[in-house]
Amino acid sequence: MSLSPENVKQVAHLARLELADDQVGPIAEKLSNILAMVDQLSGANTQGVTPMAHPLDMHQRLRPDAVSEPDRREAFQAIAPEVDNGLYLVPKVIE
Amino acid sequence: MAYDTTTWEVVIGLEVHCQLLTHSKIFSGAATAYGAAPNTQADGVTLGLPGVLPVLNKTALEYAVKFGLAIDAKIAERCVFARKHYFYPDLPKGYQISQYELPIVYEGHLDVELDGADGKQVKRIGITRAHMEEDAGKSLHEGYVGQSGIDLNRAGTPLIEIVSEPDIRSAAEAVAYLKKLHQLVVYLGVCDGNMQEGSFRCDANVSVRKRGETKFGTRTETKNVNSFRYVEKAIEFEIERQIDVIESGGRIVQETRLFDPGTGETRSMRTKEDANDYRYFPDPDLLPVVVTAADIERVRATMPELPEAKKARFIEQYQLPAYDAWVLTSEQALADYYEQVVRESKAEAKLCANWVITDLLGGLNKAGKSIAESPIDAIQLAGMIARIADKTISGKIAKDVFEAMMAGEGSADDIIQAKGLVQITDESAIVAVIDEIMAKNPAQLEQFRSGKDKLFGFFVGQVMKATQGKANPDAVNRLLKEKLSG
């Protein structure tokens, strides 16, 4: 599978990554190589094999429903760029 | 319905986000209480700080299973959490942990009662799936210039998203389905059902097509409608808008719309052309969740009696008409209240039903109060009904006692005592009053005896007036008949 420059631009946009035009071509090539490598897996016979959701052959452990985390707003907000009245402030977002 | 239902068919599917009533978040031990000061319930996991790991809340999983059992759905032995990617400031990780290919609950249904041409009809609405996911935070746009304030207290609150099949054919059906679903999750105790606080919110997928078409029309999705009435209005508006567009030669664009309660209209949200490219993949931070048959049985053992079963039992056990049973089982708290009244008063079940439905619910409704806020508790109401049953007071006097109890004047016995309302059952006392009234009203007596039967009511009224309504009505009727006929 090979990626077109348009594919790369689209994925970069979705991931909010800024790419200069001259980066698109080389990245498309590198990503295509990675995909080609992964593509070797398609050669494996997977008939009757359940797709794996996780490499560890274990299942999720569960937490009891109890409040264990105290309020540490002050500590967390000390490293935030901007806060006001307990709110984190971000550039305006409008629906 | 303002549109021509012989030409057009409406197809509706609903997605309901239902907050699970847990103490802590779905993947961390931060609190989930509503209304706390901003960000005081946002821990490292909620904030998506580096190095933290989510761990699933056992109760959230059990609640999802409980819901699945209640809608007769399949419960996945193995389900998987996936990352759903999009950028928004109230989603700090840049992805929402949700479920995609393998949800916990799938292939269920809900039977909804609808008003049909010939009475109530039952329609089965399919539920495609219900998956677990985390809620997002809240953005506050007011009060800041060029900035938004973010409160992440709600982020990470456990949700189940309940997705219906496109089986719904009108706004009224949609509301009936939502009400039934709402009643169910509240009964199950998995959700508080508070729509104002956003505990139960609905997205409506609506499309229209010409009757006879086999393909669905293009649908729009109206987001986050948080009352039954708004859902109905939003869907009705959307149906008519779509029909207008098509009839005037236009095409429906697949898009997300917002309902404006002020105008009763929906409007297009800014179209994001790649909004639906969420790039789902299994979350490597979470292992597959395994639910065993034994786990399911454990949850099944905690299932309360559900509304349908309770209604059937009320009809059977208390010999109530279907309507009474339906009203009394509409809410778990009301059903419990009623059963306590019957138990404590030891009175006839139908008499208790009448008092609870007509007087109590009527009074609460007028006062804008819920059953939980009732000024009269079940034991107090039972105490009053017991006084009717043992003939201490008449049903008519009981209305006054009830009013006084609603006004907080104390128990039925206190009020009966204080106001001297004990019913007069002593027949010699009633006869004495009758004699006096006959003596005072010779003209009426004369007329009655010469055939003016209607005057019987006059005499009853006089006796009741003279006894301030305390005379036992049966005794008054019987004794008056004897005395008046001479």
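Every number here is computed from the coordinates shown, using simple stated rules; none is lab data. Bear in mind that the values here come from a model prediction, so they are computed numbers and not experimental data. For neighbour counting, all protein chains shown are included, and Cβ atoms are generated from backbone atoms with ideal geometry for every residue, glycine included.
Figures for the structure shown
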{"item": "Point-to-point label distance, B:D244-A:L62, nm (Cα→Cβ direction, 7 Å offset)", "result": "5.0 nm"}
{"item": "Computed [θ] at 222 nm, helices only, for the protein assembly as shown once each DSSP H run of length n ≥ 4 contributes -39500 (n - 2.57)", "result": "-11500 deg cm²/dmol"}
{"item": "Two-site label geometry, A:T50 and B:K210: point separation in nm, points 7 Å out along Cα→Cβ", "result": "4.9 nm"}
{"item": "Calculated Rg and Dmax of chain A using C-alpha coordinates, Å", "result": "22.3, 59"}
{"item": "Acute angle (nearest 10 degrees) that the helix B:395-406 long axis makes with the longest principal axis of chain B, alpha-carbon atoms", "result": "50 degrees"}
{"item": "DSSP-defined beta bridges in chain B - what % are antiparallel, rounded to 5", "result": "95 percent"}
{"item": "Partner chain coverage, peptide B:406-419 - average Cβ within 10 angstrom", "result": "0"}
{"item": "Entries of B:K84/B:K210; B:K138/B:K179; B:K310/B:K419; B:K74/B:K179; B:K180/B:K369 with Cα pairs more than 29 Å apart", "result": "B:K84/B:K210; B:K310/B:K419"}
{"item": "Shielding by other protein chains, B:39-49, mean Cβ within 10 Å", "result": "5"}
{"item": "Fraction in percent of alpha-carbon pairs per bin - 20 Å, chain B", "result": "19, 41, 25, 13, 3, 0"}
{"item": "Charge context of B:I150, other residues only, Cβ under 9 angstrom, K/R +1, D/E -1", "result": "-1"}
{"item": "Cα centroid separation - the stretch B:346-405 against the stretch B:1-34, whole Å", "result": "36 Å"}
{"item": "Under 22 Å from A:K30, Cα to Cα: lysines that are on another chain or at least 8 residues apart", "result": "A:K9"}
{"item": "Kirkwood-based Rg to Rh ratio, the protein assembly as shown, C-alpha trace", "result": "1.12"}
{"item": "Rounded tilt (10° steps) of B:307-318 against the dominant C-alpha axis of chain B", "result": "20 degrees"}
{"item": "Protection proxy ranking of B:129-139, B:288-298 - average other beta-carbon atoms within 10 Å, highest first", "result": "B:129-139, B:288-298"}
{"item": "Label zone at B:K180, where the point sits 7 Å out along the Cα-to-Cβ direction: the stretch B:300-321 residues whose backbone N lies under 17 Å", "result": "B:306-312"}
{"item": "Degrees between helix B:332-345 axis and first principal axis of chain B (Cα, 0 to 90, nearest 10)", "result": "30 degrees"}
{"item": "Test item: B:84-94 mean partner chain Cβ contacts at 10 Å", "result": "2"}
{"item": "Local electrostatic count at B:E15 - Lys and Arg +1, Asp and Glu -1, tallied over other residues with Cβ under 13 Å", "result": "-1"}
{"item": "Relative contact order, percent, chain B [alpha-carbon distance under 8 Å, six or more residues apart]", "result": "13 percent"}
{"item": "Gap separating the Cα centres of the stretch B:102-152 and the stretch B:411-427, nearest whole Å", "result": "53 Å"}
{"item": "Burial order of peptide ranges B:17-25, B:322-330 (average beta-carbon count within 10 Å, highest first)", "result": "B:17-25, B:322-330"}
{"item": "Taking the stretch B:86-208 and dividing mean pair separation by its residue count, relative contact order in percent (alpha carbons under 8 Å, at least six apart)", "result": "21 percent"}
{"item": "Anchor B:K366: lysines whose Cα lies under 21 Å away (excluding residues fewer than 8 positions away in-chain)", "result": "B:K396, B:K399"}
{"item": "Separation of the B:A418 and B:K465 label points, Cα + 7 Å toward Cβ, nm", "result": "2.9 nm"}
{"item": "Relative packing of peptides B:100-111, B:249-260 - highest average C-beta neighbours within 10 Å first", "result": "B:100-111, B:249-260"}
{"item": "Whichever lysines have a C-alpha closer than 17 Å to that of B:K452, once near sequence neighbours (fewer than 8 apart) are set aside", "result": "B:K481, B:K483"}
